[in-house]
1. I need the full set of residues from segment 63-82 which are assigned to a helix (DSSP H, G or I) and surrounded by 12 or more Cβ atoms within 10 Å (Cβ to Cβ), in order please.
2. Looking only at segment 89-131, which residues are of a type in the set (Val, Ile, Thr) and open to solvent by 40 Å² or more (accessible area, probe 1.4 Å)?
3. Which of the numbered conditions does residue 85 fail, given that it passes all the others? Conditions: (1) free of Cβ contacts under 8 Å to residues at least 24 places away in the same chain; (2) among the hydrophobic types (A, V, I, L, M, F, W, C); (3) part of a helix (DSSP H, G or I).
4. From the list 92, 42, 26, exactly one residue is at pLDDT 85 or above and either within 17 Å of the chain's Cα centre (by Cα) or within 19 Å of residue 160 (Cα to Cα) (or both). Which is it?
5. Which condition does residue 119 not pass, out of (1) without any contact (Cβ under 8 Å) to a residue 12 or more places away in the chain; (2) assigned to a loop (DSSP other than H, G, I, E, B), if it passes all the others?
6. Mind telling me which of the residues 187, 132, 147 ends up being part of a helix (DSSP H, G or I), charged (D, E, K, R) and at pLDDT below 90?
7. Check 46, 39, 56 and return the single one that is surrounded by 14 or more Cβ atoms within 10 Å (Cβ to Cβ) and on the phi < 0 side of the Ramachandran plot.
8. Given the conditions (1) free of Cβ contacts under 8 Å to residues at least 12 places away in the same chain; (2) touching a helix residue (DSSP H, G or I) at 6+ places or on another chain (Cβ under 6 Å), and given that residue 144 satisfies all but one, which numbered condition is not satisfied?
Amino acid sequence: MDESGNPATEAVKSNNISARLLISVTRRLFIALVILYGLSLTAAALLRESIYIVPLLVFASGVIGGFVGLQRRLKDLTLFDLELIAESWVYTALSPLVGGVLAFLLFILFLSGLLSGDLFPVFLPDSNSSSESFLSIFEQHGEGHKEYAKLIFWSFVAGFSEHFVTDVISRFEGAAVKSLPLAGQEESRQIQR
């Protein structure tokens, strides 16, 4: 009897394919994590006294958060998504790299003071900060070790839960739109003057 059309046989084959893909993707994620983490540690060692060390650690924490978040979501991915990640290094690294970018964006929000409160880190300008250049954004320091711990935690969260940062951005977008004058109101104000 031919079992190729048997639903039970097809389910077993599908489960075997899913299991093989999960193993392959997990192996790829681990290799990519080791490579990116190794590059981050090397860069951190080379940039120890640089103003770029904190942004680098923020990015690395976001990347690690992205890896952990993707690892947690693997079982919920479709077979097509698993195949895509298993066959492409770009797709393997995409979610973690987006996590790093979002962590860096969150860092900028902290530095700007747009996102603040007891749960978030506070930064102060360095005494030798040159406020004339763009790079002065990175010439800031945390008030203490707790601020850096908060920064690393929130950077990890930004990578782990991409929705967190995108939701924050959406809130800023909504607030900015609400603060814009309506077209009709602006014209009536100009006429009244």
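1. 63, 64, 65, 66, 67, 68, 69, 70, 71, 74, 81, 82, listed by residue number.
2. The answer is 90, 98, 101, 108, 122.
3. Here residue 85 clears every test but (1).
4. Of 92, 42, 26, the one residue that is at pLDDT 85 or above and either within 17 Å of the chain's Cα centre (by Cα) or within 19 Å of residue 160 (Cα to Cα) (or both) is 26.
5. For residue 119, the exception is condition (1).
6. None of the other options fit; the residue is 187.
7. One residue alone meets the criteria, 56.
8. Failing condition for residue 144: (2).
The values are calculated or read from the model by the stated rules, or taken from the named source; none is laboratory data. For clarity, every value in this text was computed on a predicted model and none was experimentally measured. Please note: Cβ atoms are built from the backbone with ideal geometry, for glycine as well, and neighbour counts cover all protein chains shown. Ligands, DNA and RNA are excluded from the accessible area calculation, which covers all protein heavy atoms including side chains. Shrake-Rupley method; radii C 1.70, N 1.55, O 1.52, S 1.80 Å.
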